[in-house]
Structure formats: structure tokens, C-alpha cells
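Asker: Right, I'll just put the structure down here and ask away after.
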């Protein structure tokens, strides 16, 4: 059996970060020539294989089986996660325009009932080449996986405070909560940007944390879940969001669940003249944006 | 002939002084729609700041009920502003 350390499980702080932000970047332990071979294979494909990626590109299993990737997936989806049917190879050629903001399949095909306080499904995005700012990196909005929004309500949104870009080195894997707001941005370079995307799902609830859990870290995790926000929120959103985050932790933590009520976020420095009246208000008004 | 520049500002509340969390600027010229930019800089920190710079609000966001404790919904409150430019501007 693969040990926890060999499997590359996440720790409590990394799981808390995922709950707060909705994504994590994993850098597999694969040699550069592996990623180059994937690019070569992609270039030789006569057309997009649609959902039949593994059949068309069996080498891709190497990334899915990488210990760091498996460790992150196990941590977030439990011991018995599965790769769902489908997936997509995104080819972003030079001088393409970006996509509008969207959540994948949020309004259709039975997806309306997805939970906003759980991690049941992830999106795996693998970039076989370096992605710089000009190459159409994926943009995502940290923390947006708890916002249910129709495509129509997003149609006027363009640049958003806190938006983050997958500017990554070759071989990186971006794991996102399935519901995170994201989009491909325009490719302004003269290079093709490939990205291979797979959905993965949890198949069973956890009885205990499926990551490298240390009970002594719970107060620090709680402090983050209660008080750390990746974007500016209105007051009701702020209150709703931190409750949903604690519930998300509880839904995946099994025996390491924590009470829903907490005063942790009320602590902090005394107010300063001319500033917010409480520490929690100060954190809400001036979040530490990434 | 004057033409209308249109600026969408999304804010965290209906207040003119609320923090801006998103923007989209549509220039009155033949062009593609604005898109997400890696180096985008939010032009104003509040709608009030935009007004001080000469923009005029043409649409105020509606009140939302926002009473469902289970949901964090649409992103911000949408103000639409305009600024007229002449042919020689």
C-alpha cells in the first residue's frame, strides 16, 4: 500500500485553501520529456477526440497516476474517487479570443442540485506546455464555486477583482472545484496552448479525513475558514460564505468536523481611527487578495 | 455627432460608495467585446469615484432580496455609466 507521504496527500492548510479558493495547482513528478511527448502526440492528432481522450492518448494516464496528483485527488475526493466519462482537449491557437465567464454545466443535465457546501466533483486541467500571460491562460475567480449564477447573469461581467490566471510551468495540473467560475482567455501569442480536462468524482463520504490531518491544526484551519476571503463580498455574502465553508469542511472531514458556530473571526486587532469598527469588518472590507 | 462610452461597474452593494469588484468598458467604436485581460486594472474604486471623473450613471441596480441563507448569488450589483465623446475627442 502506498504510504501517505509517498502518495503526496495534502495537509489541513492545503485543504482549507482549497475550500476557500476552490483550486490548487499540483506539479507532478514527471520528466520534461514526458510533457513534450504529450505535446507531440497532440500535434499529430488529426482531430479532437472529444470525450475519448484516454483511448486517443493513453500516455495521459501517467499524469493521472502521478503520486502528487493522486494524493491531491484522494485528499479532496476521498479514497475511492473515479474519473468520470468525458473530458475535453482544449486547443487554444494563436490570436483566439477569450471565453465568457461560466460554470460548467451548472444549469442543465441534472446538475442543478449540486451542493455548494461539499466537494463531490473536481475538474482536472493539465497543461503540457508552459503557459505565460500571453498564451491564453485559464482565468478563474477564487471563491466563486459557492456562487450559483446562470450564464445570462454573467454575460456583462468581464474583469473581476481577484481573478487569477493559470500561468504555470509545463506539466502543471490545476485542480478546481467543479463549480468554480472560469474561462479561457485570449491567446495573444504565436504559440498553441493545449489543456486537457477531465472531470472526477467522489463515490463515497469520508468517515475521517482522507488527507494528512493533524488535529492540532484545527484552530488555525478554523481561523482561516471564518475570516479569510479571496474576494470582496457584501455583508450577507460574507456571512453565508463562511458558514458554507465550515459546512464544506465538515462534509469531507468525518470525525474531524467542527462546530458551525464560532467566534474566532471576531478576534483580532482593535480598530484604528478612520478604519473599520471591528477586526472581522476590516477583514471583510480589505481581504488579503491573492 | 457624439457617441456613448459605456462602463459597467459591479459593486459589493447598492451604495455609490461601495467597492468595485468588476468592470467592463465598451468604447463607441467598431471592435470586439471587451475581454478578460491578465493586466487589467480596475479603473475606479467606487461608482462615486467614477462620477467625480465625469461619468454619469444611467442604470442603478435593483434591490435584491438576498434572503436565501444557502446561496451566494450573482456577482455584485451592476451600475451602468455613460460618458459622451464627440467626433473630435
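Asker: Whether any residue in region A:215-226 is out of contact with any helix residue (DSSP H, G or I) (no Cβ under 8 Å at 6 or more places or on another chain), assigned to a loop (DSSP other than H, G, I, E, B), more than 12 Å from chain B (Cβ to nearest Cβ) and surrounded by fewer than 18 Cβ atoms within 10 Å (Cβ to Cβ) is what I want to check.
Answerer: Within region A:215-226, the first condition is being out of contact with any helix residue (DSSP H, G or I) (no Cβ under 8 Å at 6 or more places or on another chain), and the residues that meet it are A:216.
Restricting the remaining residues to those that are assigned to a loop (DSSP other than H, G, I, E, B) gives none.
The answer is no, given that none of the residues of region A:215-226 is out of contact with any helix residue (DSSP H, G or I) (no Cβ under 8 Å at 6 or more places or on another chain), assigned to a loop (DSSP other than H, G, I, E, B), more than 12 Å from chain B (Cβ to nearest Cβ) and surrounded by fewer than 18 Cβ atoms within 10 Å (Cβ to Cβ).
Asker: Among the candidates A:115, A:179, which residue alone is within 15 Å of the chain's Cα centre (by Cα), closer than 27 Å to residue B:64 by Cα and either part of a loop (DSSP other than H, G, I, E, B) or within 12 Å of another protein chain (Cβ to nearest Cβ) (or both)?
Answerer: A:179
Asker: Right, here's the next one. Enumerate the helices (runs of 4 or more DSSP H) found wholly within region A:40-94, keeping only those where 3 or more residues are buried (at least 17 other Cβ atoms within 10 Å of the Cβ). Spell out how you get there, then give the answer.
Answerer: Details: elements: A:53-56, A:61-64, A:67-77.
Once the helices (runs of 4 or more DSSP H) in region A:40-94 are filtered for at least 3 residues that are buried (at least 17 other Cβ atoms within 10 Å of the Cβ), what remains is A:67-77.
Asker: Taking region B:21-48 as the search range and keeping residues that are at the interface with chain A (Cβ under 9 Å from one of its Cβ atoms) and touching a residue at least 40 places away in the same chain (Cβ under 8 Å), which one is surrounded by the fewest Cβ atoms within 10 Å (Cβ to Cβ)? Talk me through it step by step, then tell me what you get.
Answerer: The first filter runs over region B:21-48 and keeps only residues at the interface with chain A (Cβ under 9 Å from one of its Cβ atoms), leaving B:21-25, B:32-42.
Imposing the further condition that a residue be touching a residue at least 40 places away in the same chain (Cβ under 8 Å) reduces the set to B:21-22.
Values: B:21: 23, B:22: 25.
Among those residues, the one meeting the criterion is B:21.
Asker: Moving on to the next point. Filter region A:228-250 down to residues that are away from chain B (no Cβ under 14 Å) and surrounded by fewer than 22 Cβ atoms within 10 Å (Cβ to Cβ) and give me whichever is farthest from residue A:149 (Cα to Cα). Even if it seems obvious, please write down each step before you answer.
Answerer: Keep residues of region A:228-250 that are away from chain B (no Cβ under 14 Å), which gives A:228, A:249-250.
Filter once more, so that each one left must be surrounded by fewer than 22 Cβ atoms within 10 Å (Cβ to Cβ): A:228, A:250.
Numbers: A:228: 22, A:250: 24 Å.
Here the residue is A:250.
Asker: If you go through region A:182-203, how many residues are within 14 Å of another protein chain (Cβ to nearest Cβ) and farther than 21 Å from residue A:132 by Cα? Spell out the reasoning first.
Answerer: Taking region A:182-203 first, the residues within 14 Å of another protein chain (Cβ to nearest Cβ) are A:182-189, A:193.
Going one step further and asking which of them are farther than 21 Å from residue A:132 by Cα, we end up with none.
Of the residues in region A:182-203, 0 are within 14 Å of another protein chain (Cβ to nearest Cβ) and farther than 21 Å from residue A:132 by Cα.
Asker: For residue B:4, state whether it is over 12 Å from the mean Cα position of the chain (by Cα) and assigned to a strand (DSSP E or B). Explain how you work it out, then say what you get.
Answerer: Working: over 12 Å from the mean Cα position of the chain (by Cα): yes; assigned to a strand (DSSP E or B): yes.
Criteria met by residue B:4.
Asker: Separate question: Would you mind finding the one in A:139, A:131 that is assigned to a loop (DSSP other than H, G, I, E, B) and within 14 Å of chain B (Cβ to nearest Cβ)?
Answerer: A:131
Coordinate-derived values only; no laboratory data. Computed from a predicted structure; not experimentally measured. FYI the Cβ positions are ideal-geometry reconstructions off the backbone, even for glycines, and counts take in every protein chain you see.
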